[in-house]
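Only the coordinates and a few stated rules stand behind these numbers; no lab work does. Owing to the predicted nature of the structure, the values given are computational and were not obtained by experimental measurement. In this analysis, Cβ positions are derived from the backbone assuming ideal geometry, glycine residues included, and neighbour counts consider all displayed protein chains.
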């Protein structure tokens, strides 16, 4: 095996220390890691996906006016200051999720099917990671505060999620104590062990014929991919880990009890910003909590679980709390956007321009599991050619649509809830949005999931 | 969806229809094909081909999955009323329901057949629990795969953790198996020695930093009693900090002995003090790994002793769990005052007022505790403890340092045979030995190079999967039966959740694993200590206990619910199962019993007389206790609720799946949204609301089969408390009276829970059959199908001979013909 050594490069940390200067110093070319030096890295592209379980209280969430001069709804108000860099989207759905209740989280980023004989398909973040992985130390990060992650492999296997901030921090930024040589030895040993494990399977193939080897396909691709990652990790060994300032370290490298939900959400967002800023990864998914077990938020007086609030049964108290919860979650998302806007990447550009952030839920109306008219906000990525500033409403353009059936008092009407349960515009697939994002990330494809066109923005 | 049962059902269905056919000339085919012909093919057939769909050409071979997604869509469209379109001939509701039921059954049958399909070589990945047990039995190493960053969670299939087709693999799994193998090896053969160490901390050291200054204060008051530490609900306090031992790293992980001298204060009418020790999860709570009630009185403290596995370094805290925590009155200031090192001194309840005149009081003027508290005198931790037996399992794994290649190969072969649970040919290890040689030539020491070889054995597919049908063991032909070695593994993973032991290996090697030899082994396994793993694992998976606490109960509606109650609830069905199995009681006891197995917390919760000790124990039940059998246990009633309300539909589905092994079809997509009913109106029960919604004939036909099974438990609320009236927080009028009556599918009526239980008991044959099917799914690690029916009948006939006693049922499964087949 031939390993590229990058030892001759100047360690950026040392250079800075020697020059005694501040971080805004332009990067000298020889400091850019080898793999990062090709042209696509000149302006990295990044994506983040944030999931809010159980839908929203749509009566207070739904934006009623379309186009440029739309008026923010009550729950979306916290995003008003980002008006120019966001696009709220109404009327999209995943055909495969309709009627599948809480399983909608499993296809949120895949556009897959949930039928009895279906296997999930690759999630868009992993599709993106296929093109970004070679540029970064880690191909993607998966965070879920409760239950499973949003990320799925091409084999339809759900990737495991991290949930503790200290764990996320150390997995991204902490150097194993053993030192580079010991790590290299360990990685090479691992690669060689995996190699032998693979050889063993091939032996079986020889004996049995490939079609008869049972569940080994998955095993084979998994071991092979693990081996590639091991070798990739080896090539990264000589690139020093990004230096994290004491302030950042202190803020993010700690565990926050779930009773402080806001602090928890913000810290995870900080970790994502830090990961993008230092370019350790370019793809991140973040589930604020699973469909069955999203946090309560005692700091704003919500002691009920989110699932419980979403089945409000028409109780005004519950509906108010659900609205407050939605607003609170959107406020934290707004914080994320602010942090992305004020943080510069390694090229000195604001992160927000090169980062697409999608916030949303696989459900709209939780009380009866309405999986249409998904609440979605796409933000950032202006440098990737996204034109924001309007409310993009796929319901309005559909024939037969005559308004959201909200009267001024916000009374409950089954007509409104039908919009949230049955797609008004059956062609408006959420996969079309995921396709747009994939394309802007540099994935060369003209379809994703069950897309029928790419959304233009 | 549990395909198997519906498969069986539809076969019965066919049988019945076939009989009718003779009488009336109707054919089974007509229901499905007739419907398609009348309502579908005219548009989706050779003439029109609407939506590019030719229903006449869709595959009727439901065992192959090629067209099943089209069929699923057909169900959806018909179910939702979308098809046939309005301007076409409309089927009756009944025709529609029959069509959907039949097509659904066929799809499930097909899916089950696919899930049950066995390739020439089948690989069943070990579940986390099995991996954990296997490395323990192999090397005497304790390893916790559930710790964050360790092995991924297993995918559940109806609660079962070990269904082969569900246990998939991603690159991250491979990484984690690799890391796990490294940890296991480090622990078995630590690079640096980690002798057991012991530390002791007194209350003075724990609470008062040695307590010299505080001692002076005591002397001023002339108090002779020593300082003690007060643990109270509402604030955790340190129980273990790794630096107490000195330098502590992962190599110190292992079994620790914990001892504590303590006593408890129990407020009049309140709960005994419950101490929970574990990782802190918040200001008030820990994730308990040691849990117990402290019943010793203040003047007669007792020493309590536990053994627990710790992954070092770890911080543990004490939490006193009680419904009434010390924040209901004075909030944080109150807790801070009592937790303050200098502000609050404790020696004895009679002396607190004297010592802490200005502090918040924990005792009333008669000296009674206001809260449940624990008084701690001292604690001890000792570990890691390694038993002789554990050491014995590691002995001889490594070759001596001066071993030649042949000796190394012999050692590796011997280890691989145990780890892979089968004979291993030397050539299978060629690659490993080549890597060993390469490492040695590169200058590695024998031990280090050999360690890498052992690592290869532990990350091999032969270790992390149960492999059945491997040509290594026989000819390269597809085998229908297991070899004796494979059978030994299947049996040991069935009954012990782990690898076979030496004796079982030996029996298999001798080829004596049939007839009397098999029976003898099964009897030995059923009485071995390790059967407890089966009891824990099977009962948890069968009863879907992972759902307990999934939707945490609302604190305001259910103030008596706390962590300890939840843990106790989760354990009750397991302990109940243990009693049934150990005593070999008949299956009826699952449905109705005049006893249960509970601890003090549950006695308090169920209103049973308080037991002498806090632990789980068998107690008898009276009719007025309103309990008996699995179905009235807090765990079952809670896991079928959503934290706020009981959910009759969930309860019906649970009963149907778990007790009868029948999975109702899923609800159709596109049902009209349930319009919320604002709660200002008259108070109505959940049942009434459901009935309002179930007016849609499409919904009603299915719900008529599910809901009554749930309504029968309406007298129990969302955490399982008995009630006569359903508490409705808002609305007009009195809380409505509960109606737990109903009609079984098939027409037998019942008035209440007891009558319902009697009806289930009348169906004990079916319940036994369902239990056998669950056991077989668990043992065979796959969904069952049509093809298994005869063998299942044979098992049932065998089990019936002993009146369906539970241990005998398990034995019948273990010695059955089915279990010897792939």
Just need the relative contact order of region B:711-781 here, percent rounded to a whole number, with Cα pairs under 8 Å and 6+ apart.
-> 23
Cβ neighbours within 10 Å from other chains - mean over A:98-105 = 2
So for B:654, B:722, fewest C-beta neighbours within 10 Å to most, what's the order?
-> B:722, B:654
Average partner chain C-beta neighbours within 10 Å, per residue of A:229-236?
-> 1
Along Cα→Cβ, 7 Å out, is where each label goes; now give me the distance between the ones at residue A:203 and residue B:244 in nm to one decimal.
-> 4.9
In nm, spacing of pseudo-spin labels at residue A:439 and residue B:395 (7 Å Cα→C-beta vector) = 7.1
Nearest-0.05 FRET efficiency for residue A:84 and residue B:727 at R0 = 51 Å, using Cβ-Cβ distance, is 0.50
Under the helix-only model (-39500 (n - 2.57) for each DSSP H run of 4 or more, divided by the residues of chain B), the mean residue ellipticity at 222 nm, to 500 deg cm²/dmol, is -12500 deg cm²/dmol
Find how many whole Å separate the alpha carbon centroid of region B:754-769 from the alpha carbon centroid of region A:176-205.
-> 56
Virtual paramagnetic centre 7 Å along Cα→Cβ of residue B:305, amide N under 19 Å, in region B:121-140 | none
What is chain B's relative contact order, in percent, from Cα pairs under 8 angstrom and six or more apart in sequence?
-> 14
With the calculation restricted to Cα positions, what are the radius of gyration and Dmax of chain A in angstrom?
-> 23.0, 73
Per DSSP H run of n ≥ 4, the term is -39500 (n - 2.57); total these for chain A, divide by its residue number, and report the mean residue ellipticity at 222 nm rounded to 500 deg cm²/dmol.
-> -11000 deg cm²/dmol
Apply the Debye scattering formula to the protein assembly as shown, with a single equal point scatterer on each alpha-carbon and no solvent, then give log10 I(q)/I(0) at q = 0.05, 0.06 Å⁻¹.
-> -0.39, -0.57
Quick one: B:753, B:202, fewest Cβ neighbours within 10 Å first, how do they rank?
-> B:202, B:753
Relative contact order, percent, of chain A when contacts are C-alpha pairs under 8 Å separated by at least 6 residues?
-> 29
What is the average number of partner chain Cβ atoms found within 10 Å of a Cβ in B:277-288?
-> 1
Residues of region B:763-807 with amide N under 14 Å of the 7 Å Cα→Cβ point at residue B:618 | B:806-807
Quick one: length gained pulling residue B:385 to residue B:33 fully straight, 0.36 nm per residue minus the C-alpha distance?
-> 119.9 nm
Region B:348-391 and region A:304-358: distance between their alpha carbon centers, rounded to Å = 44
Grab the Cα-Cα distance for residue B:515 and residue B:427, subtract it from 0.36 nm times how many residues apart they are, and report the gain in nm with one decimal.
-> 28.3 nm
The simple spin-label model distance between residue B:364 and residue A:246, using points 7 Å out along Cα→Cβ, in nm, is 5.4
Within region A:428-448: backbone nitrogen closer than 18 Å to the residue A:118 label point (7 Å, Cα to C-beta) | A:428-435, A:447-448
For residue B:289 and residue B:755 in the same chain, what is the full-extension length gain: residue separation times 0.36 nm, less their Cα-Cα distance, in nm?
-> 163.7 nm
Determine, for each peptide in B:536-545, A:123-132, the mean count of other beta carbons within 10 angstrom over its residues, then list the peptides with the highest first.
-> A:123-132, B:536-545
Calculated FRET efficiency for the pair residue A:77/residue A:402, C-beta based, R₀ 30 Å, to 0.05 = 0.70
